[in-house]
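Engineer: Before I ask anything, let me first share the structure, which is written out below as structure tokens.
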Amino acid sequence: MGRFNQCFPKFYKGAKRIVPVFLAIVLSAILSSCDMHDNVKPRNQDDTRWITADQNIFFSVMYDGNYNICLGALKTTETVYHISLEFDYGSGLIISDYDMLTENDFLVDMNQILLRAKCDFGKKKCTAEVTESSIDSISVGDKITFHVADELPDWAEEIEKVNRKACEENEEMSATENTEK
């Protein structure tokens, strides 16, 4: 290596400076591509039910034949919204109006989004701090905490049955499509 240093001293000095910067960039890229919360996000906890303490919002994690989906309901004094929850990369949460999603063949429209939040995840608890809301009874800054539940209230049980049936039908359709290929 000594002879290389003698022949190319400027290259060697430049390389000594560039290599640590290059390694830092590569390491940053690798770490930023990892979702540190992935193992405790609700969507990755198969066949679980989640509900808030006031029991106004619930969702269930179900497998639809392709991947886990989170479907449930958000109940206000005026309306019961059928909802879809999407836990984004990192700590983001988007709760959308599921009925509007299905009407638009799952093409995302900003009007379908009921609220956005940042989450803190735990194995049996998820706390979401609202960052945007179109629901009158939920304001920016509100904290919504979901807990894993063994049972749901009667109003939620009925909605979950409908959601599970739709999910099973979708799973059957996916299986049929895969066997035809």
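Each value in this text was obtained by applying a stated rule to the coordinates, not by laboratory testing. As the structure is a prediction and not an experimental result, all values here were calculated from the model. Note: ideal-geometry Cβ built from the backbone for every residue, glycine included; neighbour counts use all protein chains shown.
Engineer: At 0.36 nm per residue, minus the direct Cα-Cα distance, what do residue 63 and residue 18 gain on full extension? Give it in nm, one decimal, please.
Structural biologist: Value of the extension gain: 11.5 nm.
Engineer: Between residue 155 and residue 78, what is 0.36 nm times their sequence separation minus the Cα-Cα distance? Round to one decimal in nm.
Structural biologist: That works out to 26.2 nm of additional length.
Engineer: Here's something else I'd like to know. Determine the alpha carbon to alpha carbon distance for each of 118/161; 41/125; 118/165; 41/143; 125/161 and list only those over 20 Å.
Structural biologist: 118/161; 118/165; 125/161
Engineer: Fully extended, how many nm does the chain gain between residue 131 and residue 86 (0.36 nm per residue separation, minus their Cα-Cα distance)?
Structural biologist: Extra length available between residue 131 and residue 86 comes to 14.7 nm.
Engineer: How far apart, in nanometres, would the label points at residue 109 and residue 140 be if each is projected 7 angstrom from Cα along the Cα-to-Cβ direction?
Structural biologist: 2.4
Engineer: Based on the mean of other Cβ atoms within 10 Å per residue, sort peptides 58-68, 129-139 so the most packed one is first.
Structural biologist: Highest to lowest by the protection proxy: 58-68, 129-139.
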